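The values are calculated or read from the model by the stated rules, or taken from the named source; none is laboratory data. Not measured: the values here are computed from a predicted model. Cβ atoms come from the backbone with ideal geometry, glycine included; neighbour counts cover every protein chain shown. Each accessible area value is taken on the protein alone, full model and side chains, heavy atoms only, with ligands, DNA and RNA left out. Shrake-Rupley method; radii C 1.70, N 1.55, O 1.52, S 1.80 Å.
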Amino acid sequence: MSLVYYPLCVDCKYRIRENKPKDVAFCKAYPDGIPYEVWKEKSKPGIDANAPCPNGYNFEHD
């Protein structure tokens, strides 16, 4: 059995959930959609939750 990791973005208070397409993740740091590369990077085990995102946003738990 393998472990499945999901990006920190899922639990971030800056994630935008309303009025957006379901197949793309949005947040205040990425208002045009979180790039797949970032989504994948934020899914890695041991990712530093304090690593900054663009536009001055940092992960904050929702």
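Average accessible surface for the chain: 77 Å² per residue, computed with a 1.4 Å probe over protein heavy atoms with every protein chain in place. Counting Lys and Arg as +1 and Asp and Glu as -1 over every other residue whose Cβ lies under 12 Å from the Cβ of HIS61, the net charge comes to -1. For ILE16, the residues 5 or more places off, or on other chains, whose built amide H falls under 5 Å of its own are PHE26, CYS27, LYS28.
Per-atom-type breakdown for the range 17-62 gives carbon and sulfur 50% of the accessible area (1.4 Å probe, protein chains only). Summing charges over neighbours of TYR5, with a neighbour being any other residue whose Cβ is under 13 Å away from its Cβ, gives +1 when K and R count +1 and D and E count -1. If the segment from ASP11 to TYR57 were pulled out straight at 0.36 nm per residue, it would be longer than the present Cα-Cα gap by 15.2 nm. Where a ≥ b ≥ c are the square roots of the eigenvalues of the C-alpha gyration tensor, would you call the chain rounded, which needs a/c under 1.5, or, failing that, prolate if a/b is larger than b/c, or oblate? It comes out oblate by the Cα gyration axes. Note: relative contact order over the chain, using C-alpha pairs below 8 Å and six or more positions apart, is 40 percent. In order along the range 47-52, the Karplus-derived 3J(HN,Hα) couplings, from 6.51 cos²θ - 1.76 cosθ + 1.60 at θ = phi - 60°, round to 4, 6, 5, 8, 5, x Hz, and Gly and Pro are given as x.
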